[in-house]
Structure formats: structure tokens, C-alpha cells
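**Q** Sharing a structure with you now.
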């Protein structure tokens with residue numbers, strides 16, 4: 001986890017959303033399982049901003065299934081709050097890549113909602129581990 | 001929609017579940033979009049009880065994508081309530097099939113939660129409409 | 001349902017999104033139950049664009065639970081497609097309001113993905129039906 | 001994480017389910033965010049089997065929001081597979097409790113699908129940390 005104040009990867013993205021009703025639960029807050037969806041949406045935007053969709057990554061024969069996820073819930077997010085999910089690649093393995101996330105809510109994205117990481121294996125169409133391709137690394141480090 | 005008191009297809013299934021936290025929303029009740037999942041689970045059980053999984057239906061080259069859904073919400077379901085979803089096939093078209101659903105909650109499955117229908121096209125692997133195969137009809141009418 | 005070519009409420013919104021992986025299913029397309037979430041997000045944006053959040057509507061003592069939903073699925077949406085959900089109020093009852101939806105996908109929002117409607121009861125904090133408040137109607141017709 | 005072969009809490013539960021279409025994604029496997037729902041369902045069953053619903057825990061003034069989650073994905077689960085989620089309490093803090101999970105799939109619950117843990121804060125209705133009540137510990141250790 002990258003805590004606020006610690007250095008976050010420079011090549012990052014900021015995915016914004018408003019909390020929907022369908023994302024909340026009977027406690028009145030965002031259900032703990034839904035942050036995985038936000039993480040994924042921010043990863044998708046991260047690639048899209050670099051001119052590459054994850055669909056295109058797959059067409060090139062590379063898949064990045066999640067191997068590990070960790071989430072630390074700090075402060076609950078509520079219906080209609082304006083949220084920003086900051087995402088960036090915090091670590092490159094030979095055949096893996098790790099994303100770090102920081103989720104902020106109001107007032108004005110100053111309140112830390114949660115922290116997370118997802119580690120992705122880099123595999124081919126048959127699920128066999130392969131080295132992270134150079135073109136992927138190049139694109140992501142832009 | 002088949003209302004309580006009206007005749008329900010004799011070949012039916014009763015899918016039971018406890019409402020989870022993740023299915024509720026900030027109003028304290030099951031989110032209106034989640035009933036589609038319950039409908040699908042009951043359809044899956046309907047086939048499974050007849051010795052056929054939907055995965056097997058697909059392997060035989062037939063897909064049943066949803067073409068229309070209608071839901072009438074009567075009384076909200078809440079966390080941890082014991083629910084039963086009654087499902088059966090209410091209509092056979094030449095290249096379609098319609099499921100009807102009745103969802104009941106406590107006390108003892110006597111309270112009507114919602115009613116629904118889903119109409120499914122019968123298509124081949126390329127998405128082209130095909131007549132409902134005889135074997136599918138036979139199995140379902142058991 | 002309001003079909004393309006038929007008049008759509010002039011006071012409308014256009015909610016845009018990219019299809020996420022978590023919204024797709026094993027058929028490779030958006031799961032039929034997820035459109036309810038998009039409908040809700042577009043309703044939320046509809047109110048927000050008029051200076052009112054649904055949270056604020058609730059604080060004023062009015063709730064708009066969904067009483068009926070209908071969806072017609074036309075053409076599947078796929079991962080990473082850029083989608084627009086058009087939403088507007090198609091009917092005002094004494095104690096109810098009906099939203100209509102049209103969902104479009106690529107190329108350039110020209111392909112119709114699905115049509116839908118949701119009818120909402122207008123109730124107070126105790127769930128008792130109340131007439132649609134004048135201020136709500138005024139705001140929405142802007 | 002408690003790996004297979006390592007001692008698992010003796011007071012455990014085994015929550016069974018069939019993978020639904022709505023839980024899969026375009027890769028043809030269960031979406032990585034959906035395991036949080038299974039974890040929660042198994043926790044719910046864990047309490048229910050001990051004569052206590054989580055709803056009842058809340059009525060007694062105690063809430064157990066998730067503070068941390070960790071998941072390790074081993075082998076993907078697919079549509080219609082028969083799954084068992086084993087859950088038990090692996091650690092008691094003064095004002096927290098940790099659940100461990102092992103998810104198994106076919107053939108016959110022998111294939112490890114994923115491992116997980118969730119750490120829960122013990123708080124009162126105002127969200128203030130409180131010591132785990134004796135009655136909760138007693139019930140859970142049955």
C-alpha cells in the first residue's frame with residue numbers, strides 16, 4: 001500500500017465517479033467488495049489514457065489476471081459523493097505488474113477512503129506466464 | 001407477470017437464498033437491479049434439477065440470451081431474510097422461451113416481494129435465431 | 001419504451017461510460033442485470049445536472065423507489081466500449097414518475113444497445129404514497 | 001492467509017454455491033471482485049449456524065465493518081461450478097476479529113480457487129471502537 005505522503009508513481013491516472021445507490025449497502029456506505037470494480041475502472045482508464053485499451057492488450061496475446069488484491073478501508077464513502085481513484089504501477093516483476101490505488105472523497109478529494117494494491121500475472125492466451133512485453137512497459141511508463 | 005393465485009407453470013423450481021449485505025443498498029433493502037441475478041440463479045437451478053446445466057445447453061450449440069425483462073417490485077426484501085424464488089417456463093415461442101418468476105420473503109415465504117419475466121431468444125453460436133430444439137423442450141417440461 | 005425516432009423528453013441527460021470487465025459476463029457481453037445500474041447512474045446525473053442530488057430529494061422527505069422496470073435488449077455491449085445512456089422523464093403520475101432510457105454504443109453512439117423504463121412511486125419517509133411535490137416537478141422540467 | 005495443509009480454525013462453516021453467469025466476466029471466469037461477496041455470505045452463514053444473524057449482532061449495538069481484505073487468486077472458477085467456501089475466525093483482537101477463507105471448486109472441492117482474509121473492526125452504533133463483547137466470542141467459538 002502506498003500511504004498518503006509517500007511517493008506515488010509519477011505516471012498515474014485519476015478516475016472520477018459519483019457513488020451510485022447500487023454501490024452502497026444497508027450500512028449506508030459503499031459495499032467493501034465494490035472497490036475492486038473502481039480499481040479495475042481506474043486501470044482501464046490508465047491504459048486508455050496511454051492510447052491502449054486492455055482489450056487491445058488481450059488482442060496482442062497478453063492477459064493480466066489479478067493474482068493478489070489487498071485493500072485497507074479507512075473512511076466510508078457514501079451515496080452521491082464525488083470520488084477520485086488515483087492509480088499507478090508501483091512495481092514491475094519479470095512476469096508480473098503491481099498497481100497501487102488511493103481512493104479519495106469529499107470534501108474536495110481530501111478525505112482518504114481506502115488504499116489498495118492488485119498484483120497481476122502476465123500470461124499468454126493459454127495462461128502460461130510470460131515476461132512483461134517491452135511495448136507494454138514502454139507505454140505504461142509514459 | 002403471473003400474479004399469486006393465477007396458475008403457475010407446473011414444472012417449476014424454488015431457489016432459496018438468504019439476502020446478503022452486498023445485495024442491499026442504502027435504503028436498507030435489496031437493490032432493484034439485483035433481482036435479475038436471482039432470476040438467473042433460479043433459471044440455472046431449473047435446468048440443473050432437470051439434469052442439464054446451461055453450460056451444457058451452450059456446449060450443444062444453443063444460447064438463450066435475454067431479449068426482454070420486466071420486474072414489478074411489490075414489497076422490499078431486507079438483509080438476512082430467507083427468500084424463495086419460484087421460476088418456471090410460462091411460454092414457448094418458435095425461437096424463444098419465456099420464464100416467469102415470483103419472489104417471496106418472510107414470514108415463511110408468504111409475503112410477495114416481486115414478480116418478473118424474462119424472454120429469451122434461442123440462437124446458435126453465431127447469434128442467429130434457431131427453433132427451440134426438441135430435446136430442450138422435452139427436458140424442461142419434465 | 002421510447003424507440004429511436006419517437007420523440008424523447010426534451011429535458012434529458014446523457015450519461016457516458018466505458019464498459020468495465022466487471023460488467024461483462026462469460027458470453028463476453030454486458031450482463032443483462034447491469035443495465036439497471038446504468039439506468040440509476042443516469043437518473044442520478046439527471047438530477048445532479050438540475051442542481052439537485054437524489055440524496056437531497058431524500059433529505060426533503062421524498063423517496064422514489066422503483067415500482068416497475070422493463071428492459072428490451074437489442075444489441076450487446078462489450079468490454080471497453082464507449083456507451084451513452086440517454087435518460088428523461090416520460091410520464092408524470094399523481095404519485096409516480098416514469099423514466100425512459102435509450103442506451104447507445106459504438107460506432108459513435110449510433111448502435112442501439114437497449115431500451116428501458118423505470119416507474120417510481122413517490123413516497124414519504126414512512127413509505128406512504130404522496131403526490132409528487134411541485135418543487136421536484138419544477139426542477140425536473142428545466 | 002491459511003494455506004491448505006495448515007491448521008484451519010476448528011469452528012468453521014462451509015458455504016456452498018453454484019457459480020452464476022452474473023458472477024463471471026468476459027475472461028469466462030469469476031470476476032475477481034465477486035469473491036468478497038462469497039466471503040460475506042460465508043460469514044453470514046457462520047453466524048446463522050451459531051443461532052445468531054449479523055442483523056441480530058447489529059441490533060445488539062455492535063457492528064463489524066471490514067477494515068482490511070486480502071485475496072490470493074490461485075485457480076479460476078467457472079460458470080456453474082459447484083463451489084465451497086470454508087470460513088472461520090483465525091484471530092481475535094481486543095477490538096477486532098479476523099476471518100480466514102479457503103475457496104474450493106471441482107472436481108469435488110479438491111481444487112483450490114482462492115484464499116482470503118478479512119479483518120473487521122468492532123465498533124458501536126456511532127462507529128467508535130469497542131472491545132469484542134463476550135457473548136459474541138462465546139457464540140463464535142462454539
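**Q** Applying the selection to segment A:94-125, what residues are in contact with a strand residue (DSSP E or B) (Cβ under 8 Å, 6 or more places away or on another chain) and outside any strand (DSSP E or B)?
**A** Initial filter on segment A:94-125 (in contact with a strand residue (DSSP E or B) (Cβ under 8 Å, 6 or more places away or on another chain)): A:95-106, A:109-125.
The answer is A:95, A:106, A:109, A:110, A:122, A:124, A:125.
**Q** Let me ask something else. Identify all residues within segment B:126-142 that are surrounded by 13 or more Cβ atoms within 10 Å (Cβ to Cβ) and part of a helix (DSSP H, G or I); write none if there are none.
**A** If the condition is that a residue be surrounded by 13 or more Cβ atoms within 10 Å (Cβ to Cβ) and part of a helix (DSSP H, G or I), then B:136, B:137, B:139, B:140 are the ones that fit.
**Q** Condition first: closer than 28 Å to residue C:128 by Cβ and modelled with pLDDT of 95 or more. Now tell me which residues in segment B:86-109 satisfy that.
**A** Matches in segment B:86-109: B:101, B:102, B:103, B:104, B:105, B:106, B:107.
Results for (1) surrounded by 18 or more Cβ atoms within 10 Å (Cβ to Cβ); (2) within 16 Å of the chain's Cα centre (by Cα), shown as yes or no for each residue.
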| site | (1), (2) |
| --- | --- |
| A:19 | yes, no |
| A:29 | yes, no |
| A:50 | no, yes |
| A:53 | no, yes |
| A:66 | yes, yes |
| A:86 | yes, yes |
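**Q** Here is a check on your reading of the model: is residue C:139 closer than 22 Å to residue C:8 by Cβ and touching a strand residue (DSSP E or B) at 6+ places or on another chain (Cβ under 9 Å)?
**A** Numbers: closer than 22 Å to residue C:8 by Cβ: yes; touching a strand residue (DSSP E or B) at 6+ places or on another chain (Cβ under 9 Å): no.
No, not satisfied.
**Q** Anything in segment C:88-114 that is more than 17 Å from residue C:8 (Cβ to Cβ) and surrounded by 21 or more Cβ atoms within 10 Å (Cβ to Cβ)? List them, or say none.
**A** C:105
**Q** To continue, here is another question. Would you confirm whether any residue within segment A:53-67 is touching a helix residue (DSSP H, G or I) at 6+ places or on another chain (Cβ under 7 Å), modelled with pLDDT of 95 or more and over 19 Å from residue D:26 (Cα atoms)?
**A** The answer is no; no qualifying residue exists.
**Q** What is the number of the single condition among (1) farther than 19 Å from residue C:18 by Cβ; (2) more than 17 Å from the chain's Cα centre (by Cα) that residue A:58 does not meet?
**A** Just one mismatch for residue A:58, condition (1).
**Q** Among the strands (runs of 3 or more DSSP E) confined wholly to segment B:1-92, which include 1 or more residues that are more than 13 Å from chain C (Cβ to nearest Cβ) and touching a residue at least 12 places away in the same chain (Cβ under 8 Å)?
**A** Hits in segment B:1-92: B:12-18, B:82-92.
**Q** Further question on the same structure: Within segment B:93-102, track down each residue that is away from chain C (no Cβ under 14 Å) and either more than 17 Å from residue B:123 (Cα to Cα) or touching a helix residue (DSSP H, G or I) at 6+ places or on another chain (Cβ under 7 Å) (or both).
**A** B:100, B:102
**Q** Another one. Would you be able to say whether some residue in segment D:5-13 is touching a strand residue (DSSP E or B) at 6+ places or on another chain (Cβ under 7 Å) and closer than 25 Å to residue B:24 by Cβ?
**A** Initial filter on segment D:5-13 (touching a strand residue (DSSP E or B) at 6+ places or on another chain (Cβ under 7 Å)): D:8-9, D:11-13.
Remaining after also requiring closer than 25 Å to residue B:24 by Cβ: D:13.
Checked against the condition, which is being touching a strand residue (DSSP E or B) at 6+ places or on another chain (Cβ under 7 Å) and closer than 25 Å to residue B:24 by Cβ, segment D:5-13 yields at least one hit.
**Q** If you don't mind, there's one more thing I want to ask. Please go through (1) over 28 Å from residue D:57 (Cα atoms); (2) more than 18 Å from the chain's Cα centre (by Cα); (3) in contact (Cβ under 8 Å) with a residue 12 or more places away in the chain for residue B:128 and return the number of the only condition it doesn't satisfy.
**A** Unmet for residue B:128, out of (1) over 28 Å from residue D:57 (Cα atoms); (2) more than 18 Å from the chain's Cα centre (by Cα); (3) in contact (Cβ under 8 Å) with a residue 12 or more places away in the chain: (3).
The values are calculated or read from the model by the stated rules, or taken from the named source; none is laboratory data. It should be emphasised that the depicted structure is a prediction, and the values quoted were computed from it without experimental measurement. Cβ atoms come from the backbone with ideal geometry, glycine included; neighbour counts cover every protein chain shown.
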